[in-house]
Amino acid sequence: MDAADVVASLLILGIIVVSLLSNVVVLICFLYNPEIRKQVPALFILNLSLCNLLQSVSNMPLTLVGLVTSGHPGGSGFCQIVGFLDTFLTTNSMLSMAALSIDRWVAVVFPLSYHSRIRHRDAVLALAYTWIHSMCFSAVATCRSWLGYNHLYASCTLCSVRAKAAGKQYIVFTVALHCLTFLLTLIVMCVTYLKVLKVARSHCKRIDVITMQTLVLLVDIHPSVRQKCLEEQKRRRQRATKKISTFIGTFVVCFTPYVITRIVELFSPGPINPHWGVFSKCLAYSKAASDPFVYSLLRYQYRKTCSLLANKALKRSSLNSSSFRVESKARTTAANSNATVSIQPPTNKPLSQ
């Protein structure tokens, strides 16, 4: 292993640990808090977390093994199963992000009719489509034997070497896969979130106008209070922009290098640097570690649930430790009393005649 492989291995190991912990916390919050379960977006977040967890325990460890051993991790049949999961889970997670963006758009643009437009039944239908969509592409790749160990990405995934005989069919399939998953999701996210940002800015502007009119009426208000109100307006506008930028930015940064490398691999006459291929795959994996923070754990309900669970765990551990202390103290006291009784000298009473 050279230095680049060592860095990539450590990076993947860190991604695995963070992804496992953060996605497990999201699932625990979903199971513990009934208010979260009642929300429609929680179903999309649940599906996204499950996809991320499966990637963390199937695809990522095999990529790590491939980097460490510099070889094929497992047999051909096993690698095809993992390649099927790679295509299925990546496609499913992307479409789940598109569904989340549509849900946010309806909630912001049509707040009064949101509950009649987006119901649990509609969310289940949307998730069913994401599963069918992902299953179709994964099944086609499996039936055509286009899945295998790809040395460029050090992982079991779509393999251009195995698909050389297919020629144009594999090219059409790969282009269609990325157009109907990555590009479709990117377009949906950009359109919906930019509309959400537009509506949020208009709401902020309306609130700012009301605030300024109130400040004008309150001529005796202290300048520091007025300055704080203006700063809060600015922070409110920046908050909406940061959220939208985070949603779209993390998706673009994590998936774009990998998708572009996939497309270039189809038409490039020469070999691509394997270090770049592994790095682009690591970026795609990092989305599984960032999704819990982007979509759930930084929200108020999830943070509140996490704090409640942490406090309950700390109280339980403190109660266990205190009961253990009391029990051990009681044992020590009993032992000391027994020792005292045993060392007392016998009393010599006169024998009755």
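The values are calculated or read from the model by the stated rules, or taken from the named source; none is laboratory data. These numbers come from a predicted model, not from an experiment. Here Cβ is always computed from backbone atoms with ideal geometry, including for glycine, and neighbour counts include all displayed protein chains. For the accessible areas, the whole protein counts, side chains as well, though only heavy atoms, and no ligand, DNA or RNA atoms are used. Shrake-Rupley method; radii C 1.70, N 1.55, O 1.52, S 1.80 Å.
For this structure, a couple of remarks:
- Highest average packing first - 123-130, 13-20, Cβ atoms within 10 Å: 13-20, 123-130
- Seen through its C-alpha gyration tensor, with square-root eigenvalues sorted a ≥ b ≥ c, the stretch 1-308 comes out prolate because a/c lies at 1.5 or above while a/b is bigger than b/c.
- Å³ per residue enclosed by the Cα convex hull of the stretch 97-209: 123
- Between VAL6 and ALA310, the distance separating the two model label sites (each 7 Å from Cα on the Cα→Cβ line) works out to 3.5 nm.
- Label-point gap, in nm, between PHE267 and ARG117 - each point 7 angstrom along Cα→Cβ: 3.8
- With DNA, RNA and ligands ignored, accessible area of TRP146 (1.4 Å probe; Å², nearest 10): 10
- Remark: accessible surface ordering of HIS151, HIS178, HIS120 (largest first) is HIS151, HIS120, HIS178, probe radius 1.4 Å.
- Accessible heavy-atom area order of ILE118, ILE81, highest first, probe of 1.4 Å: ILE81, ILE118
- Both the radius of gyration and Dmax for the stretch 1-128 are 18.2, 58 Å, in that order, over alpha-carbon atoms.
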